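Below: the structure, in structure tokens.
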Amino acid sequence: MPDALDATPYDALLLLSFGGPEGPDDVVPFLENVTRGRGIPKERLKEVGQHYFLFGGVSPINDQNRALLDALREDFADHGLELPVYWGNRNWAPYLTDTLREMVADGRRRILVLATSAYASYSGCRQYRENLADSLAALEAEGLELPEIDKLRHYFNHPGFLEPMIDGVIESLADLPEDVRDGAHFAFSTHSIPTSAADASGPAEEHGDGGAYVRQHLDVAQLIADAVRERTGVDHPWQLVYQSRSGAPHIPWLEPDICDHLEERHAAGVPAVVMAPIGFVSDHMEVLYDLDTEAKAKAEELGLPVRRSATVGADPRFAAAVRELILERAGTERGQEVTPCALGALGASHNLCPVGCCPARAPRPAAAGADSPYA
């Protein structure tokens, strides 16, 4: 048996994700959860839900999270880390509040949270922290003893997150016809967000012109492109592009859109493109629809050879990275000197989100940060 690893003071890990429908009848209620408070009519939600109905009304994200849970538990057991793993979602069952209630009933008092978003942004970090605060408020109203909650740092530049994506790009290159392979360009794709949200992402000192959100993605793109060049001997041009825009047309969002980019690359005579969804942890609906359906249809219309590389998903290297992040944070909390593992120019992210980090348009309480009302 492996020697036990010490996660003290933590007694549980919570995998916190977005959630998704698991059948046609779930689609509209799920979208009502996602858009709660925006006053969007049900008929409009049915139109938006067509993406899900194309896939039987089932989002792949839930099964992908189940696979990640299995990978984490297997890795922890293999390495002697005795830390139970729970799962809660923002918008669908298992709901976050229900999971936290279960954790309290199980006696968990110091919880680490792994969010399925690797980068700094309001929707990718602070909104999850707001959800945690909402759930803690609900438990408090029930008279339950509240656990102390911390969130693992952003892991965009951890080797265990990067290496599977590097391999995915190399495998996609190898799958291209040989006569276009060396001339292929990389389109590193992530979720578009309003430019105002991007500019305000990360700590206050990092705000402005894309903020931490854009800088972190650019750093990851450069790391992958450099690694591919070192391993293949070919230097492939690349660009950071965006997908899945959902806002009003008059509000500026990050560009270029992946489909517009494919048109521009084809017009410029580029022989092939590898689309690498670096902004996503797993192949959930936005990857399956916006890249595998819409973008590939655009490429076929143009006659442009494309391949889409894999996301990290439940890769064992990612599970190992989570274990390393847990031990890193636990050691820090115990007052030990810890050297965080991070590649690239930006270094390791903060453990505790500071005041002013990824602010909301309307201020709301957020847990697991310097401004938490539940510290």
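Restricting to segment 155-172, give me the number of residues that are over 15 Å from the mean Cα position of the chain (by Cα) and either among the charged types (D, E, K, R) or buried (at least 21 other Cβ atoms within 10 Å of the Cβ) (or both).
Let us first name the residues in segment 155-172 that are over 15 Å from the mean Cα position of the chain (by Cα), namely 159, 163, 166-172.
Within this subset, residues satisfying the condition of being either among the charged types (D, E, K, R) or buried (at least 21 other Cβ atoms within 10 Å of the Cβ) (or both) are 163, 167-169, 171-172.
Final tally of qualifying residues: 6.
Regarding Arg73, is this residue in a helix (DSSP H, G or I), open to solvent by 80 Å² or more (accessible area, probe 1.4 Å) and basic (Lys, Arg)? Considered against the rule, which asks whether it is in a helix (DSSP H, G or I), open to solvent by 80 Å² or more (accessible area, probe 1.4 Å) and basic (Lys, Arg), Arg73 comes out as yes.
Restricting attention to segment 227-238, the residues being within 20 Å of Val214 (Cα to Cα) and open to solvent by 70 Å² or more (accessible area, probe 1.4 Å) number 1. Determine, yes or no, whether Val312 is among the β-branched types (Val, Ile, Thr), within 20 Å of Thr116 (Cα to Cα) and surrounded by 17 or more Cβ atoms within 10 Å (Cβ to Cβ). Yes: the conditions hold for Val312.
Give the residue that is farthest from the chain's Cα centre (by Cα), with candidates limited to residues of segment 22-55 that are over 27 Å from Arg66 (Cβ atoms) and not in a helix (DSSP H, G or I). Before you say what the answer is, go through the steps one by one.
Initial filter on segment 22-55 (over 27 Å from Arg66 (Cβ atoms)): 37-44, 46-47.
Retained after the next criterion (residues that are not in a helix (DSSP H, G or I)): 37-41.
On the way: Gly37: 24, Arg38: 24, Gly39: 27, Ile40: 26, Pro41: 28 Å.
Looking at the filtered set, the residue picked out is Pro41.
Here Met275 fulfils each of the conditions (1) in a strand (DSSP E or B); (2) aliphatic (A, V, I, L, M); (3) more than 30 Å from Glu22 (Cα to Cα) apart from (3). Against the condition charged (D, E, K, R) and either in a helix (DSSP H, G or I) or free of Cβ contacts under 8 Å to residues at least 40 places away in the same chain (or both), how does Arg323 come out, does it pass? Taking the combined requirement at face value, the residue satisfies it. Condition test on Asp134, is it acidic (Asp, Glu) and open to solvent by less than 40 Å² (accessible area, probe 1.4 Å)? Spelling it out, it is not the case that Asp134 is acidic (Asp, Glu) and open to solvent by less than 40 Å² (accessible area, probe 1.4 Å).
The values are calculated or read from the model by the stated rules, or taken from the named source; none is laboratory data. In this text the structure is predicted, and so the values were computed from the model without any measurement. Counting neighbours? That spans all protein chains shown, and the Cβs are built from the backbone with ideal geometry, glycine included. Just so you know, the surface numbers come from the protein's heavy atoms only, side chains and all, with ligands and any DNA or RNA stripped out. Shrake-Rupley method; radii C 1.70, N 1.55, O 1.52, S 1.80 Å.
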